[in-house]
1. Share of Cα-Cα pairs in the chain beyond 33 Å, in percent?
2. Starting from the Cα of Thr509, step 7 Å along the direction of its Cβ; do the same at Glu36; then give the gap between the two resulting points in nm.
3. Please report the orientation-averaged projected area of segment 1-141, defined via the convex hull of its C-alpha atoms, in nm².
4. Cα gyration tensor of segment 570-619, axes a ≥ b ≥ c as square roots of the eigenvalues: rounded (a/c below 1.5), prolate (a/b > b/c) or oblate?
5. In the calculated pair distance distribution of segment 105-167, what percentage of Cα-Cα distances lie above 18 Å?
6. Considering only protein heavy atoms, what is the solvent-accessible area of Arg354 at a probe of 1.4 Å, reported in Å² to the nearest 10?
7. How tilted is helix 315-327 with respect to the longest principal axis of the chain? Cα atoms for both, answer in degrees (0 to 90, nearest 10).
8. Where in segment 495-528 does the label zone of Ser257 land, with the point 7 angstrom along Cα→C-beta and an amide N cut-off under 18 Å?
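The values are calculated or read from the model by the stated rules, or taken from the named source; none is laboratory data. Note that the coordinates shown come from a computational prediction; the quantities given were computed from them, not determined experimentally. Cβ placement follows ideal geometry from the backbone for every residue including glycine, while neighbour counts extend to all protein chains displayed. The accessibility values were calculated without ligands, DNA or RNA, using every heavy atom of the protein model including side chains. Shrake-Rupley method; radii C 1.70, N 1.55, O 1.52, S 1.80 Å.
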Amino acid sequence: MTTLARAPRRLESYVCGSWTAGAKEGQPLLDAATGETVALIDSTGLDFAAALAYGREVVGPKLRALSFHERAGLLKALGTALMERKEEFYAESFHTGATRADGWVDIEGGIGTMLSYASKGRRELPNTRVLIDGPVEPLSRDNSFSAQHILTPLQGVAVHINAFNFPVWGMLEKVAPALLAGVPCVVKPASQTAYLTELVVRRIVETGLLPEGALQLISGSVGDLLDHVTGQDVVTFTGSAGTGRKLKAHPAVVANSVRFTMEADSLNASILGPDAVPGTPEFDLFVKEVVREMTVKAGQKCTAIRRVIAPRAHVQALVEALRGRLDRTAVGLPAEEGIRMGPLASLGQREEVRARIRDLQADAEIVAGDPDDVRVASGDAEKGAFLNPVLLYADRPFEAAAVHDVEAFGPVSTVLPYDTLDEAVALARKGKGSLVASVFTDDPAVAEEVAIGTAPFHGRVLIGNRASAKSSTGHGSPLAGLVHGGPGRAGGGEELGGMRGVTHYMQRTAVQGAPRLLSAVTGRWIEGAEAQQGIHPFRKSLAKLKIGDQLVTERRTVTQDDVEHFAHFTGDTFYAHMNEEAAKANPFFDGRVAHGYLIASFAAGLFVDPAPGPVLANYGVDNLRFLTPVYFGDSLQVRLTCKEINPRATAEHGEVRWDCQVTNQNDAVVAQYDVLTMVAKDWPQA
């Protein structure tokens with residue numbers, strides 16, 4: 001199968017709610033495999049200040065008016081709609097040089113990341129517009145003055161400047177957490193593959209799912225865009241460290257303390273453990289992983305393995321195994337079946353990689369592949385930006401400089417030998433900060449030493465072995481729930497990481513005041529705020545339940561028979577409950593005490609309303625703490641207060657968090673925890 005030639009299309013930008021072409025004819029963008037013109041790109045004449053103002057003033061308020069669950073619902077609907085259109089994206093992706101497998105990582109990986117954030121938003125965030133960050137900080141003994149940290153959406157725009165290698169994933173992995181946070185986005189893709197990004201944005205706009213202008217697109221240069229950023233905006237950048245440093249030092253970014261996240265050059269390392277000798281599953285997994293990371297996307301991945309660190313005794317066997325696999329890698333037209341690796345993104349990129357290989361040769365020798373002798377299974381080796389995988393070897397890695405400083409952004413890796421595990425860790429650190437390191441070992445001691453030794457220099461560390469071989473996502477796969485970024489030369493930024501990625505687009509603020517007023521701000525009852533008593537709160541549906549609805553129960557006395565029955569019934573005969581002398585010898589007790597879980601069980605018996613009603617289920621407790629020992633004869637009472645209400649947008653029920661405080665006859669708190677229940681929106685249910 002080959003792609004059909006077509007007339008180049010003129011890319012447009014989507015700003016201020018409309019598609020707009022640049023004032024000039026545009027720069028031609030070429031098919032990576034054939035050299036034919038795919039599209040023309042230009043952004044001349046765009047009003048970048050107006051685009052930012054539109055995002056801040058028109059779009060931002062609409063996004064912030066939605067709850068986290070509503071925004072998550074939009075992401076889910078959008079991800080589902082994009083997945084239905086994926087074949088169109090695959091067809092366009094072939095022009096970038098990506099094979100079908102490469103395109104899966106970019107296209108379905110990007111959409112999958114958006115869907116992951118949609119799911120996380122519904123499961124991990126409340127159905128509110130404000131996030132609570134951490135516990136209440138009491139500031140007075142009588143609970144009349146307290147503080148609560150909150151997170152609110154920044155009232156600016158997220159400007160995403162992306163790299164050429166992942167035109168879909170690179171956009172969606174940043175857009176998803178920003179939109180979930182409530183911040184509109186302006187996306188500037190790298191020109192070389194911008195035609196794929198533009199196509200995806202067109203389909204997003206056509207769905208009509210997002211508020212108009214929540215996602216804007218710049219096809220071409222950003223012009224004076226950064227001149228207009230403010231302290232409420234966020235700038236994220238993926239690309240070369242040199243360009244990133246220039247953007248980070250932009251006068252407006254510096255003057256306004258604009259949040260700036262950079263993901264830059266990364267000389268990622270993978271270490272073969274000393275136990276992973278030839279013939280072991282870990283050795284074979286290591287070889288497979290190195291080859292995969294060299295050839296997926298033609299090695300044009302920020303997480304690709306650039307430095308292959310292995311025991312000196314096994315280097316020869318390793319090089320032979322890698323050479324054998326690399327020599328069998330079919331390079332050619334990416335749309336054809338059987339092709340393992342397509343071309344680099346452009347002829348210019350191929351020349352750049354060749355130049356960097358020459359730099360590496362100052363310290364290393366080529367042991368597999370020839371950058372100047374391109375051999376393809378299909379396509380034209382001169383018109384297409386093809387390059388066969390190149391493996392180098394540096395016998396004296398601690399004396400080498402280039403292998404730890406130069407990144408050849410293509411199918412290129414260098415093997416570095418080590419004599420001790422300390423040396424392996426030291427070599428990994430010489431990358432001066434990377435996105436990811438990995439170690440392949442079945443020895444727990446090796447895993448511990450390498451992981452702890454390399455962690456300060458990396459954003460992610462993968463441990464590979466036979467047990468995780470089938471389920472592991474691999475060295476080079478960023479995941480929505482894990483941090484993607486790294487210190488030092490990798491840029492010092494963090495993306496993804498689950499809710500960490502969302503809160504990057506929010507401001508953390510400490511709010512101080514009377515508990516009643518803090519509760520109004522946060523939507524959560526706190527100690528010292530007003531409470532109202534009346535009918536049992538378990539008789540109220542979400543339509544009638546209010547924050548602060550409270551029940552104070554009758555008392556129940558704990559007896560020795562209660563404790564002994566509970567011990568024999570559950571099998572928990574711990575000495576502190578059954579042996580008076582041993583219990584008194586315990587520095588925490590004055591004698592035999594009641595089980596903590598007996599206290600929680602008695603508390604439930606005191607506050608539960610047994611009749612059918614709007615409370616549908618108890619699905620757990622949070623932050624359970626036993627604070628004061630309970631002795632025989634102590635009298636327990638429960639104060640249950642509606643703490644937080646989160647209706648589900650797509651269900652006929654919601655979650656209710658209850659503050660449960662158990663006290664004894666001296667008003668000492670013996671247990672404190674949150675009870676979590678599912679409550680019907682209306683009762684009786686239709």
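1. On the way: 135852 of 234955 pairs.
That tail contains 58 percent of the Cα-Cα pairs.
2. Distance between label points: 5.6 nm.
3. On the way: hull surface 51.9 nm².
So the mean shadow area of the Cα hull is 13.0 nm².
4. Numbers: a/c = 4.19, a/b = 3.36, b/c = 1.25.
Because a/c hits 1.5 or more and a/b exceeds b/c, segment 570-619 counts as prolate.
5. In whole percent, the long-distance tail amounts to 64.
6. 30 Å²
7. 70 degrees
8. 504-511
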